1. Answer yes or no: is there a residue in region 413-434 that is more than 30 Å from residue 182 (Cα to Cα), in contact (Cβ under 8 Å) with a residue 40 or more places away in the chain and part of a loop (DSSP other than H, G, I, E, B).
2. If residue 17 passes every condition in (1) polar (S, T, N, Q); (2) within 16 Å of residue 121 (Cβ to Cβ); (3) not in a helix (DSSP H, G or I) but one, which one does it miss?
3. I'd like the full set of residues that are over 22 Å from residue 76 (Cα atoms), surrounded by 15 or more Cβ atoms within 10 Å (Cβ to Cβ) and more than 32 Å from the chain's Cα centre (by Cα), limited to region 24-54.
4. Tell me whether region 59-77 contains one or more residues that are without any contact (Cβ under 8 Å) to a residue 60 or more places away in the chain and assigned to a strand (DSSP E or B).
5. Is one or more of the residues making up region 68-80 at negative phi and within 37 Å of the chain's Cα centre (by Cα)?
6. Residue 97: closer than 24 Å to residue 14 by Cα, surrounded by 17 or more Cβ atoms within 10 Å (Cβ to Cβ) and of a type in the set (Lys, Arg), yes or no?
7. When you look at residue 49, is it in a loop (DSSP other than H, G, I, E, B) and within 23 Å of residue 133 (Cβ to Cβ), yes or no?
8. Working carefully through the options 579, 524, 549, find the one that is more than 28 Å from the chain's Cα centre (by Cα) and under 22 Å from residue 190 (Cα atoms).
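The values are calculated or read from the model by the stated rules, or taken from the named source; none is laboratory data. Here the structure is a predicted model, which is why all the values come from computation and not from measurement. We place every Cβ from the backbone using ideal geometry, glycine too, and count neighbours over all the protein chains shown.
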Amino acid sequence: MSNEFIKPDEMQVFWHTTSHILAHAVKRLYPEVKLAIGPATDSGFYYDFDTKTPFTADDLGKIEKEMKRIIKEGLPIERFELEKSEALEFVKGEPYKIELIEGIPAGEAITFYRQGDFADLCAGPHLGKTSAVKAYKLLSVTGAYWRGDEKNKMLQRIYGVSFPDRQQLDEHLHRLEEAKKRDHNRLGRELELFTTSEYIGQGLPILMPKGARIMQILQRFVEDEEEKRGYQLTKTPFMAKSDLYKISGHWDHYRDGMFIMGKEGDKEIFALRPMTCPFQFQAYLSKMRSYRDLPIRYNETATLFRNEASGEMHGLIRVRQFTLSEGHIVCTPEQLEDEFRGSLDLASFMLKTLGLDEDVSFRFSKWDAQNREKYIGSPEQWENTQNIMRSILDRLEINYVEAEGEAAFYGPKLDIQIKNVHGKEDTLITIQVDFQLAERFEMEYIDADGQKKHPYIVHRSSIGCYERTLALLIEKYAGAFPLWLAPVQVKVLPISEKHFDYAEAVAARLQACGFRVEKDTRNEKIGYKIREAQKQKVPYMLIAGDKEEEQGTVSVRSRKDGELGTLTLDEFITAIQEEIKNKTI
């Protein structure tokens with residue numbers, strides 16, 4: 001995070017130092033607490049503690065006061081190194097630090113940072129004195145598994161943020177408040193878009209009628225656009241035998257992320273699909289293909305299942321069952337660049353239409369040559385394919401960053417990244433170049449020279465995971481969706497009971513024209529009905545009273561612009577039809 005006074009990399013040092021001040025304060029107040037880790041993040045810092053009694057809001061207040069004392073003391077922060085045996089003796093009684101030290105390779109420096117009577121295992125760097133921290137705030141405390149593994153013990157994680165002056169802290173806290181207001185996990189429930197049930201389980205949200213309607217609108221939009229671009233729709237099974245995943249390599253490289261039915265020794269073991277690629281490949285394999293048949297573009301609105309860790313679940317952004325706008329393009333080497341370009345053009349069109357195009361960044365995800373067991377294929381194949389992909393990206397003039405170790409196990413990919421309102425980055429859309437699976441599945445085509453050859457495959461999504469996209473749209477628009485996406489586009493508000501019949505006729509006419517309409521026939525004052533419709537983020541409200549009924553008109557109120565005056569129903573219909581047709585944001 002950048003700010004006017006300190007560069008982003010310097011903020012990491014600033015926040016890391018403050019995390020040590022936090023740990024120092026906790027050890028002063030609660031000596032029995034065991035220390036885990038306390039890194040800087042993209043927007044602050046946290047520290048994990050092992051404590052028998054969970055921290056409370058009152059505890060955070062006490063810890064903040066103790067941090068103030070430590071800062072006021074202006075303690076010098078000094079770096080020192082120890083040999084492994086000395087380091088283990090130094091952290092005696094701190095099991096998490098011992099585990100970390102034991103994992104440090106032989107010969108690698110083991111460094112600590114000391115401030116007064118407190119020292120912590122740390123690679124650094126840090127500020128020179130505790131007094132450099134002028135303004136700070138502990139934000140929350142949550143549970144977090146040691147090393148992010150749900151098999152490990154649940155620790156207490158305290159989040160915080162700090163700045164060189166109070167003004168920057170106040171501005172940051174204001175942004176956090178705004179983020180809370182837009183948080184899809186809260187707003188989505190308030191607007192009755194989705195809910196969850198502990199009886200169903202984590203990462204398995206239930207879309208309410210309004211949320212399901214938005215998903216339906218998005219899916220129809222995506223499938224219609226993909227059809228225009230030459231895609232052929234498939235519908236494949238939700239599960240398959242382990243045999244399929246063994247051919248693709250998912251059984252060896254992705255099994256921990258799959259829901260498996262059966263156990264070793266059973267005649268057949270099935271697994272819910274985490275992707276559709278090996279399923280769609282079977283459609284290709286249904287007959288022999290010629291180079292004249294290529295490219296073949298398959299698409300599917302696919303329900304997928306991935307066994308995400310409990311600690312990773314978050315609203316609609318990270319779930320265990322989700323819907324993906326999945327697609328696979330089978331092409332010749334000569335067609336690869338055009339198909340990659342077409343996939344990116346489709347994704348860009350979707351992002352622009354949704355209003356998300358200015359919020360994304362691009363990541364070229366490569367393999368990690370030092371972690372060979374994570375991937376299939378030879379180093380030469382990987383380097384060749386990555387060079388091809390880099391050349392395509394450069395010719396497309398994409399501003400991307402490179403990331404080692406983020407590739408799929410079968411090929412490199414372009415990840416379109418986006419952040420939620422809290423600054424957490426996730427992948428929204430991917431376009432992957434696959435040079436492996438066609439050979440594994442014996443997918444071939446007859447080339448112009450009469451020889452059988454393996455095609456390239458482009459794995460791509462056009463809008464990404466629908467649930468994640470819906471979450472981002474909730475946050476982007478604070479629940480006030482553009483008219484074409486709004487689950488309820490128009491709300492008809494009769495002033496009193498005697499206007500119910502006219503309101504019913506107005507609503508029926510709008511519904512006949514294809515608009516999504518609700519009526520508010522409660523025995524409430526019109527001001528109350530308007531306020532309720534505003535809370536529900538309805539784009540247009542039509543007020544029906546004596547004058548409107550007599551003249552065959554409606555008084556139009558816009559969510560955005562307030563009173564728009566009186567219009568005939570035909571005039572109103574024409575206006576909003578144009579807004580919907582243009583997908584106005």
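1. Checked region 413-434: no residue is more than 30 Å from residue 182 (Cα to Cα), in contact (Cβ under 8 Å) with a residue 40 or more places away in the chain and part of a loop (DSSP other than H, G, I, E, B).
2. Residue 17 satisfies all of (1) polar (S, T, N, Q); (2) within 16 Å of residue 121 (Cβ to Cβ); (3) not in a helix (DSSP H, G or I) except (3).
3. Once the filter is applied, which keeps residues that are over 22 Å from residue 76 (Cα atoms), surrounded by 15 or more Cβ atoms within 10 Å (Cβ to Cβ) and more than 32 Å from the chain's Cα centre (by Cα), region 24-54 yields 30, 33, 34.
4. The answer is yes, given that some residue of region 59-77 is without any contact (Cβ under 8 Å) to a residue 60 or more places away in the chain and assigned to a strand (DSSP E or B).
5. Going residue by residue through region 68-80, those that are at negative phi are 68-73, 75-80.
With the extra rule that they be within 37 Å of the chain's Cα centre (by Cα), the set shrinks to 68, 71.
Yes: one or more hits.
6. Working: closer than 24 Å to residue 14 by Cα: yes; surrounded by 17 or more Cβ atoms within 10 Å (Cβ to Cβ): yes; of a type in the set (Lys, Arg): yes.
Spelling it out, residue 97 is indeed closer than 24 Å to residue 14 by Cα, surrounded by 17 or more Cβ atoms within 10 Å (Cβ to Cβ) and of a type in the set (Lys, Arg).
7. Working: in a loop (DSSP other than H, G, I, E, B): no; within 23 Å of residue 133 (Cβ to Cβ): yes.
Answer is no for this residue.
8. Values: 579 fails: under 22 Å from residue 190 (Cα atoms); 549 fails: under 22 Å from residue 190 (Cα atoms).
Of the residues listed, the single one that is more than 28 Å from the chain's Cα centre (by Cα) and under 22 Å from residue 190 (Cα atoms) is 524.
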